[in-house]
Amino acid sequence: MEEIIKLKSVAQFNAERGQKTRHPLVSVLDQSQSSPILAARTLSELYIIFLKDLKCEELRYGRHHYDYEEGTMLFIAPGQVFGFEEQGRMLQPSGWALAFHPDLIRGTALGRHIKDYSFFGYDVNEALHLSDRERQLVLECFHKIQFELDHAIDKHSKTLIVSNIELLLNYCVRFYDRQFITRDHVHKDILVRFEELLDDYLQSEKPHTLGLPSVAYCAEQLNLTANYFGDLVKKETGKTAQEYIQGKVIDLAKEKVLDISKSISEIAYEIGFKYPAHFTRLFKQRVGQSPQEYRMLNE
């Protein structure tokens, strides 16, 4: 079984790359100045943002692989595993890296909404690809943080560092929005497959045996992370993935409710609800009438 190394601190992250630690909770590294590192699988307790300048070593993230191209960003959150293929080799890092410990942002506005940056849950095949201008903006943010780290730590340091990290993340939100637009043809194909997946699921025995289709299930079937899939559906349709699934379920329910040979409870179980009351509540919320009222009005 492959060994997984735990990355617990910024100092450890820096030391592995032969670079100095200027602040115990945050680091910005020009990786061209780093020493070669041992290829290994790593469980991170830090937030890490990689910006790659050139095509370099194949990174493995979760169960997937990714060849970095120029101007690609990857976001790693505490609790995630990343590493390289062909473990045991010495590899020369390239590009830039920003690493910070959760303690840096604890109690700050960024700390309170860091989970809103859903791209920390994206997989490598959903990495952010930057234009030249976007890459320059990212580097400007890195340089501002680096300037603060080179400056003597004072009462303003934390505020300015955290503010620039937040600025960087907000730029990345914008850049991902642009990427969703520029890759529109790819996403349209995913939505078509999503529709087909839901239709096949709902017309099978799966609802009765497995329950309602979940966002996580659909994302997995489409080889996407739940975060990326949810963001994609929201940007393309204006609805959350859950709302979209519920809409399909209710469309099916409207047809089945008109079959008076079955009780409302039987239909609820058949569609995948554990409790008929939950079915009735959702139906009324989406249709404006209870299933029984809808049946009576459409007889």
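Since every read-out is calculated from the coordinates, none of them should be taken as a lab result. Predicted, not measured: the structure shown is a model, and the values here were computed from it. Note that each Cβ is placed from the backbone with ideal geometry, even for glycine, and that neighbours are counted across all protein chains shown.
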Per the Kirkwood treatment, what hydrodynamic radius in Å, one decimal, follows for the range 4-182 from the mean inverse distance over all distinct Cα pairs? 16.4 Å
Nearest 10 degrees, 0 to 90: helix 157-182 Cα axis against the chain principal axis: 50 degrees
Between Ser204 and Lys256, what is the label-to-label distance in nm when each label sits 7 Å out along the Cα-to-Cβ direction? 1.6 nm
Regarding the chain, what are the three Cα extents along the principal axes, ordered largest first, in Å? 77, 44, 34
Filter on Lys239/Lys284; Lys206/Lys262; Lys188/Lys235; Lys115/Lys274 - keep pairs with C-alpha separation over 23 Å: Lys115/Lys274
Kindly write out, for the range 189-195 in residue order, the coupling ³J(HN,Hα) from the Karplus curve 6.51 cos²θ - 1.76 cosθ + 1.60 (θ = phi - 60°), rounded to whole Hz, with x marking Gly and Pro. 5, 5, 5, 4, 5, 4, 4
Other-chain or far-sequence residues with amide H under 5 Å of Thr225's (modelled H): Asp123
Cut-off under 5 Å, modelled amide H: who pairs with Leu128 long-range: Met73
Diffusion coefficient in µm²/s returned for the range 185-297 by Stokes-Einstein, Kirkwood Rh over C-alpha pairs, 10 °C and 1.306 mPa s, is 108 µm²/s
With only helices counted (DSSP H, runs n ≥ 4, each -39500 (n - 2.57)), the per-residue ellipticity at 222 nm for the chain, to the nearest 500, works out to -15000 deg cm²/dmol
Calculate one ³J(HN,Hα) per residue across the range 98-110 by plugging θ = phi - 60° into the Karplus curve 6.51 cos²θ - 1.76 cosθ + 1.60, and present them in order as whole Hz with x for glycine and proline. 10, 10, 8, 7, x, 4, 4, 9, 4, x, 9, 4, 5
Ranking Ser9, Pro36, Leu25 by how far each Cα lies towards the positive end of the charge dipole of the range 1-48 (+1 on Lys and Arg Cβ, -1 on Asp and Glu Cβ), the top one is Leu25
If r is the Cβ-Cβ distance from Asn298 to Lys248 and R0 is 25 Å, what FRET efficiency results, to the nearest 0.05? 0.80
Which of the chymotrypsin sites (Phe, Trp or Tyr not before Pro) found in the range 247-288 are in a DSSP loop and have at most 14 neighbouring Cβ atoms, other than their own, within 10 Å? none
Given backbone amide H placed at 1.01 Å from N, residues whose amide H is under 5 Å from that of Thr42, ignoring those fewer than 5 places away on the same chain, are Ile5, Phe82, Gly83
Choose one of Tyr244, Leu224, Ser261: the residue whose Cα lies farthest towards the positive end of the charge dipole of the range 205-269 (beta-carbon charges +1 Lys, Arg; -1 Asp, Glu; about the Cα centre). Tyr244
